[in-house]
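The block underneath contains the structure these notes are about, expressed in structure tokens.
The numbers here are math on the coordinates, done by the rules we state, and not lab data. Just so you know, these numbers come straight off a predicted model, no measurement behind them. Cβ: placed from backbone, ideal geometry, glycine included. Neighbour counts: every protein chain shown.
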Amino acid sequence: MNISKFIDHTILKPEATESDIKRLVKEAMEFEFWACCVNQCWIRLVAEEIKGTGIKVCSVVGFPLGAAVNKAEESAKCVELGADELDMVMNIGFLKSGRFQEVAADICQVVKAANGRVVKVILETGVLTNEEKLLACRLVQDSGANFVKTSTGFGIGGATIEDVKLMRRAVGPTFGVKASGGIRTYKQVVKLIEAGASRIGTSAGVQIVKQSP
């Protein structure tokens, strides 16, 4: 299985340097990954470095807690800087408080600000019940986003086969499902794709591809 095009090659750690980001871009071009996913301050640099390659620029919104009140503003700025895809964190506290209309409105505002760019909504599945995961998936779909995503990689737990299967069942066969958080091996990636993931977020993309048969 050629998994390169499933991978959002990611570096979101706060201590990442300019040289780290440039290395990420170089690796993405060498291995033909789908996207480079970076914090907002690096969007412009990545956009300049990968111009003309077809690789997407991905960044994060409301990251990593989901509790920000200015996600639409963040999203608009990301688009202005050159982002093609936005991975936003759902307002997890609102979901668990039953404030579903506000969760949906938050997503809708980001989708509007994204102005046609791909929007992935991070559920942080490690802190949700199965019922909450299913409800979150419905809210994401109804709000006009393009993907549900498992985890930030900064919270409790990460991508699991069980969660990806549950999310795929919830959103149907054609909606985007991104698995992210703790993905380190080729075998993991294959199992997650077989479970229903259509995108993989990982900082270990190079070693994963090198493990492929």
Handout entry: For a label point 7 Å along the Cα-to-beta-carbon line of LYS165, residues of region 98-140 with backbone N under 16 Å
Key = 130-131, 134
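Which peptide among 174-185, 65-76 comes first, and what is the full order, when sorted by highest mean count of other Cβ atoms within 10 Å?
Details: 174-185: 20.2, 65-76: 17.3.
Result, highest mean Cβ count within 10 Å first: 174-185, 65-76.
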Exercise for the section: For LYS13 and THR174, calculate 0.36 nm times their separation in residues minus their Cα-Cα distance, and state this gained length in nm to one decimal. Expected result: 54.8 nm
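For each of SER59, SER198, count neighbouring Cβ atoms within 10 Å of the residue's Cβ, then give the residues from fewest to most.
Ascending number of Cβ neighbours within 10 Å: SER198, SER59.
Beyond a 26 Å Cα-Cα separation, which of these cross-linked pairs lie in this structure: LYS112/LYS191; LYS22/LYS165; LYS96/LYS191; LYS71/LYS178?
Numbers: LYS112/LYS191 34 Å; LYS22/LYS165 35 Å; LYS96/LYS191 29 Å; LYS71/LYS178 20 Å.
From LYS112/LYS191; LYS22/LYS165; LYS96/LYS191; LYS71/LYS178, over 26 Å: LYS112/LYS191; LYS22/LYS165; LYS96/LYS191.
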Handout entry: Length released on extending from ASN70 to ARG23, taking residue separation times 0.36 nm less the Cα-Cα span
Key = 13.9 nm
Exercise for the section: Using only alpha carbon pairs under 8 Å that are at least six residues apart, calculate the relative contact order of the chain and give it in whole percent. Expected result: 18 percent
Fill in the blank from the handout: Along region 191-200, Karplus-curve 3J(HN,Hα) (6.51, -1.76, 1.60; θ = phi - 60°) to the nearest Hz, with x for Gly and Pro, reads 5, 5, 5, 4, 6, x, 6, 9, 8, 10
Handout entry: Alpha-carbon Rg with Dmax, taken over region 4-210, Å
Key = 15.6, 45
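Where nothing but the Cβ of Lys and Arg (+1) and of Asp and Glu (-1) is charged, how large is the charge dipole of the chain around its Cα centre, in debye to the nearest 20?
On the way: 27 positive and 24 negative charges, 94 e Å.
Once rounded to the nearest 20, the dipole reads 460 debye.
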Handout entry: Helix-only [θ]222 nm of the chain, DSSP H runs n ≥ 4, -39500 (n - 2.57) each, per residue, nearest 500
Key = -13000 deg cm²/dmol
Exercise for the section: Using the charge dipole of the chain (Lys, Arg: +1 at Cβ; Asp, Glu: -1 at Cβ; taken about the Cα centre), state which of GLY66, ILE11, VAL148 has its Cα farthest towards the positive end. Expected result: VAL148
Handout entry: Relative compactness, region 124-167, computed as alpha-carbon Rg over 2.2 N^0.38 Å
Key = 1.09
Completion exercise
One finds the C-alpha centres of region 96-134 and region 158-173 to be spaced, in Å, by 16 Å
Completion exercise
By Cβ neighbour count within 10 Å, fewest first, ARG138, ARG117 rank ARG138, ARG117
